[in-house]
Amino acid sequence: MPERFFDTPLGLMTATEEDGRLISLDFVGTGSVPGRSDRTPLLLETERQINAYFKKELTRFDVPLKLSGTPFQQAVWARLMVIPYGKTATYGRIALEAGRPGAARAAGGAIHRNPVSIIVPCHRVIGASGALTGYGGGLDRKMALLELEGRS
């Protein structure tokens, strides 16, 4: 599968495609060594859109996605995609809208397994109290992404 590594203001990211659709986008972990960096049209477009997002020139992404998960994970990820730029939602609200009222923890688990960070904006989900909770890329990055989008 083609894969591309690229720098962002919040660290190195890696994007992977399969069958012409993006299947993963995530920050590279500390100590990881980048491998090859393919230059397919989709991976280059993903990098371009992510860079435009960080420059505040883009608020909606349009790269084709292929998200593999359970029906509940799919429902949660679909809900994440409609949280507007600069807005947030709670885990409980996402669970309710995904058809499982009271399943905030299960929604959190599905959000944690989001394979395409930033584009599927899991950073826009906060605790019921308004506190920043959980983010695979680290709470410092979650805070930075929310601040970039105008949330304090």
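Worth a mention:
- Multiplying each eigenvalue of the alpha-carbon gyration tensor of the range 66-152 by 5 and taking the square root yields semi-axes of 19, 14, 11 Å, largest first, rounded to whole angstroms.
- Helix-only mean residue ellipticity at 222 nm for the chain, each DSSP H run of n ≥ 4 adding -39500 (n - 2.57), per residue, nearest 500: -9500 deg cm²/dmol
- The calculated FRET efficiency for Glu147 paired with Gln74, based on their beta-carbon distance and R0 = 25 Å, is about 0.30.
- Projected area, mean over directions - the range 9-50, Cα convex hull, nm²: 3.2
- On Cα atoms only, tilt of 139-148 relative to the major axis of the chain in degrees: 90
- Spin-label pair Asp38-Lys55: with each label point 7 Å from Cα along the Cα-Cβ axis, the two points sit 2.6 nm from one another.
- Over all projection directions, the Cα-based convex hull of the range 47-106 averages an area of 4.8 nm².
- Total lysine pairs in the range 36-152 at Cα distances under 17 Å, for residues eight or more apart or on different chains: 4.
- Of the solvent-accessible surface of the chain, computed with a 1.4 Å probe over protein heavy atoms with every protein chain present, carbon and sulfur atoms account for 52 percent.
- Rounded to the nearest 20 debye, the dipole size of the chain about its Cα centre is 500 debye, using +1 on the Cβ of Lys and Arg and -1 on the Cβ of Asp and Glu.
- Length-normalised contact order for the chain - Cα pairs under 8 Å, 6+ apart - percent: 20
- Per residue accessible area of the range 27-136, 1.4 Å probe, in Å²: 52
- If you bin all the Cα-Cα distances of the chain at 10 Å, starting from zero, the percentages per bin are 11, 42, 36, 11, 0.
The values are calculated or read from the model by the stated rules, or taken from the named source; none is laboratory data. Treat the numbers as computed from the prediction; the structure is a model and nothing was measured. For neighbour counting, all protein chains shown are included, and Cβ atoms are generated from backbone atoms with ideal geometry for every residue, glycine included. The protein model used for the area step is the full one, side chains on, heavy atoms only, and it has no ligands, DNA or RNA in it. Shrake-Rupley method; radii C 1.70, N 1.55, O 1.52, S 1.80 Å.
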